[in-house]
Amino acid sequence: MSLRSFHTPLTEAEVDEIYQLLTPKQRKYMDAFTKRSKKSKWLEVLALKKGLS
């Protein structure tokens, strides 16, 4: 699988599937060093309240 073949962003399910393939050390790194913006956090809360997630 080539990264160049991706033309659209990954779906949440695809991201979750890939995340499950990581080692515990890799997951810890990703959790510690990836940031979510305030806007994305707010949108997630809004979607949960509307029952979209």
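Any read-out appearing in this document is the output of simple, stated calculations on the displayed coordinates, not a laboratory observation. Keep in mind that what you see is a predicted model, and the values were worked out from it rather than measured. Cβ atoms come from the backbone with ideal geometry, glycine included; neighbour counts cover every protein chain shown.
Can you compute the FRET efficiency between residue 44 and residue 17 using 1/(1 + (r/R0)^6), with r the Cβ-Cβ distance and R0 = 25 Å? Round to the nearest 0.05.
Details: r = 19 Å, r/R0 = 0.76.
Result of the calculation: an efficiency of 0.85.
Please state the shape class of segment 7-46: rounded when a/c is under 1.5, otherwise prolate if a/b exceeds b/c and oblate if not, all from the C-alpha gyration tensor. Intermediate values should be presented prior to the final figure.
Values: a/c = 2.31, a/b = 1.31, b/c = 1.77.
Judged from the Cα gyration tensor, segment 7-46 comes out oblate (a/c at least 1.5, b/c at or above a/b).
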